[in-house]
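Novice: A single structure is presented below for examination.
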There are 2 protein chains.
Amino acid sequence: MQIAILLFERVTVLDAIGPFEVLQHLPGAQVVFVGERAGTVRSETGSLGLTVDASLGEVTSPDVVLVPGGPGQSDHMADGPVHRWLRAVDQTSTWTTSVCTGSLILAAAGLLTGRRAATYWLAVDELAAFGAVPSRERFTFDGKYATAAGVSSGLDMALALAGRIAGERRAQGIQLGIEYDPHPPYDVGSPETAPADLVEELRGTSRFRR
Amino acid sequence: MQIAILLFERVTVLDAIGPFEVLQHLPGAQVVFVGERAGTVRSETGSLGLTVDASLGEVTSPDVVLVPGGPGQSDHMADGPVHRWLRAVDQTSTWTTSVCTGSLILAAAGLLTGRRAATYWLAVDELAAFGAVPSRERFTFDGKYATAAGVSSGLDMALALAGRIAGERRAQGIQLGIEYDPHPPYDVGSPETAPADLVEELRGTSRFRR
């Protein structure tokens with residue numbers, strides 16, 4: 001089972017690594033990090049370099065495709081090599097997935113039209129503008145499309161996906177293996193639970209503000 | 001504020017990236033990924049390459065030090081360059097921290113002797129053998145030493161640490177920014193909540209079994 005995780009400049013690393021940490025432990029999983037060019041891309045703020053091992057043309061029929069988000073998402077909203085690759089691999093993928101603003105890339109490539117999909121809480125309107133039907137769930141399954149909300153939500157989506165792929169018992173073993181028993185120190189992780197003034201503060205500095 | 005995150009071969013990527021995703025958003029944060037040699041290291045199963053931007057000798061006085069774990073931890077239990085570096089930077093660090101089996105490296109370097117510390121649930125006895133006092137908490141603060149339990153727990157530890165460094169409001173903004181409102185699909189993320197037979201199954205294949 002080949003799992004292709006897309007990388008690009010200014011990716012939000014946790015978007016990719018949350019699901020990676022889960023899915024790599026599936027039986028028979030072979031994970032490949034893929035991008036426009038083999039080489040190195042840098043994270044959101046430039047602090048971390050990540051190796052792109054395979055160019056798009058080298059990965060032609062992954063079973064699972066995962067598209068992370070991050071500030072660099074905005075470079076991949078126009079039709080181009082990434083969209084063409086996504087549409088091509090989506091023809092044969094078992095699961096096409098995204099985390100955070102990765103769903104905007106999937107939507108812009110035309111793969112989420114009319115489908116329910118999750119995204120980063122600040123990008124909900126943007127997702128709707130690209131023809132998807134935004135959910136406000138932690139993650140959403142619509143057919144073979146699994147989309148997660150912001151950044152850290154990829155962990156939850158990937159565990160649910162692992163359950164569908166390999167059964168609950170295996171997914172639970174992975175969850176225990178990564179000791180995923182979250183105890184956030186604050187209850188402010190979504191705009192529904194955070195104080196209204198904090199929500200407004202983040203909206204005010206968001207690249208998606210209108 | 002310089003934050004140095006140690007990388008080594010066969011690191012568990014989420015151990016490093018959970019805290020990275022939180023701490024990089026602290027005011028004035030400058031994150032540097034450091035290792036024995038500048039270049040690339042590969043993850044736990046080899047699937048991902050991560051760039052080490054600075055060698056140990058280039059990072060002499062970080063404010064925060066973070067040591068992740070993973071199978072490669074076992075290569076860093078004997079005295080050597082990594083231990084010497086940890087002891088040196090610990091002299092001036094504001095916070096010395098670890099995730100998962102990273103606490104075994106800190107303990108082997110002599111930095112956790114007599115201190116309460118968290119670690120991966122399968123490594124509790126090992127941590128005690130190196131002179132620390134294992135907690136079974138999600139994360140533990142003992143003076144300037146902040147240690148997290150397994151893999152995913154670095155997110156919780158880092159948010160609590162962010163609160164101590166920059167105040168609760170800033171930490172809460174970071175938590176909302178990464179939409180950390182976890183909804184694990186199963187309640188099996190610790191040995192206390194997982195089914196006993198699943199716990200035994202993982203114990204049976206652990207590299208720490210005795």
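The values are calculated or read from the model by the stated rules, or taken from the named source; none is laboratory data. It should be emphasised that the depicted structure is a prediction, and the values quoted were computed from it without experimental measurement. Cβ atoms come from the backbone with ideal geometry, glycine included; neighbour counts cover every protein chain shown. Ligands, DNA and RNA are stripped out before the accessible areas are found, and what is left, the full protein with its side chains, is counted by its heavy atoms. Shrake-Rupley method; radii C 1.70, N 1.55, O 1.52, S 1.80 Å.
Novice: For a quick check: with amide H placed at 1.01 Å from N, whose amide H comes under 5 Å from B:Ala117's, ignoring anything fewer than 5 positions away on the same chain?
Specialist: Counting only residues 5 or more places away or on other chains, the set is B:Val133, B:Ser135.
Novice: Lys and Arg at +1, Asp and Glu at -1: add these up for the other residues within a Cβ distance under 13 Å of B:Thr92 and post the number. Each step should come with its number before you reach the end.
Specialist: Working: positive: B:Arg87, B:Lys144; negative: B:Asp63, B:Asp90.
Here the charged neighbours net out to 0.
Novice: As a test of the definition: which semi-axes, in Å, follow for chain A when you take the square root of five times each eigenvalue of its alpha carbon gyration tensor? Largest first, please.
Specialist: That gives 24, 21, 17 Å for the three semi-axes.
Novice: For region A:42-55, what does the Karplus curve 6.51 cos²θ - 1.76 cosθ + 1.60, with θ = phi - 60°, yield as ³J(HN,Hα) per residue in whole Hz, taken in order and with x for Gly and Pro?
Specialist: With coefficients 6.51, -1.76 and 1.60, one gets 10, 6, 2, 9, x, 6, 10, x, 10, 8, 8, 7, 10, 7 Hz.
Novice: If you don't mind, there's one more thing I want to ask. Just for the Cα atoms in region A:119-180, what are the lengths along the principal axes, largest first, rounded to whole Å?
Specialist: Largest first, region A:119-180 extends 39, 23, 12 Å along its Cα principal axes.
Novice: Another question about this same structure. Mind ranking B:Met157, A:Met77 by accessible surface for me, highest first, 1.4 Å probe? Walk me through the numbers before you get to the answer.
Specialist: Details: B:Met157 0, A:Met77 40 Å².
Ranked list, largest accessible area first: A:Met77, B:Met157.
Novice: What is the Cα radius of gyration of the protein assembly as shown over 2.2 N^0.38 Å, N being its residue count? Write down the numbers at each step before the final one.
Specialist: On the way: Rg = 20.1 Å, N = 420, 2.2 N^0.38 = 21.8 Å.
Expressed relative to 2.2 N^0.38 Å, the Cα Rg reads 0.92.
Novice: Out of the trypsin sites (Lys or Arg not before Pro) in region A:16-116, which ones are loop residues according to DSSP with at most 13 other C-beta atoms within 10 Å?
Specialist: A:Arg37
Novice: Treat every Asp and Glu Cβ in the protein assembly as shown as -1 and every Lys and Arg Cβ as +1, leave all other atoms uncharged, and give the resulting dipole magnitude about the Cα centre to the nearest 20 debye.
Specialist: Details: 34 positive and 48 negative charges, 48 e Å.
Dipole magnitude for the protein assembly as shown comes out near 240 debye.
Novice: Sticking with this structure for a sec: Counting helices only, and only those DSSP H runs with n ≥ 4, report the 222 nm mean residue ellipticity of chain B as the sum of -39,500 (n - 2.57) divided by its residues, in deg cm²/dmol to the nearest 500.
Specialist: Values: 7 runs with 67 residues, N = 210.
Roughly -9000 deg cm²/dmol at 222 nm, from the helical runs in chain B.
Novice: Which whole-Hz ³J(HN,Hα) couplings does region A:189-200 yield from phi under the Karplus relation 6.51 cos²θ - 1.76 cosθ + 1.60, θ = phi - 60°, glycine and proline marked x?
Specialist: x, 9, x, 6, 9, 6, x, 4, 6, 6, 4, 5
Novice: Can you list the distances in nanometres, one decimal and ascending, from the A:Pro71 label point to the identical position in each other copy, with the point 7 Å along Cα to Cβ?
Specialist: Copy-to-copy label distances for A:Pro71: 3.5 nm.
Novice: Report, for B:Gly46, each distance to the same residue's label point in the other copies, shortest first and in nm; define the point 7 Å along Cα→Cβ.
Specialist: In ascending order, 3.4 nm.
Novice: What does the charge dipole of region B:82-199 about its Cα centre add up to, to the nearest 20 debye, if the Cβ of each Lys and Arg holds +1 and the Cβ of each Asp and Glu holds -1?
Specialist: Details: 10 positive and 12 negative charges, 134 e Å.
That gives region B:82-199 a dipole magnitude of about 640 debye.
Novice: Please report the relative contact order for chain A, taking Cα pairs under 8 Å with a sequence separation of at least 6, and give it as a percent rounded to a whole number. Can you show the working numbers first?
Specialist: Working: 439 pairs, mean separation 38.8, N = 210.
Averaging sequence separation for qualifying contacts and normalising by length gives 18 percent for chain A.
Novice: Select from B:Gly70, B:Gln91, B:Leu127 the residue farthest towards the positive end of the dipole of region B:2-182; place +1 on Cβ of Lys and Arg, -1 on Cβ of Asp and Glu, and compute about the Cα centre.
Specialist: B:Gln91
Novice: For the pair A:Ala129 and B:Gln2, how long in nm is the line joining their label points, each one 7 Å along Cα→Cβ?
Specialist: 4.1
Novice: Quick one: grab Rg to one decimal and Dmax as a whole number for region B:152-195, Cα atoms only, in Å.
Specialist: Considering region B:152-195 through its Cα atoms, Rg and Dmax are 12.8, 39 Å.
Novice: Would you mind listing the distances between the A:Thr94 label point and the same position in each other copy? Use 7 Å along Cα-to-C-beta, nm, one decimal, shortest first.
Specialist: Copy-to-copy label distances for A:Thr94: 4.7 nm.
Novice: Evaluate the charge dipole of chain A about its Cα centre and quote only its size in Debye, nearest 20, assuming +1 on the Cβ of each Lys and Arg and -1 on the Cβ of each Asp and Glu. Walk me through the intermediate numbers first.
Specialist: Values: 17 positive and 24 negative charges, 98 e Å.
Here the size comes out at about 480 debye.
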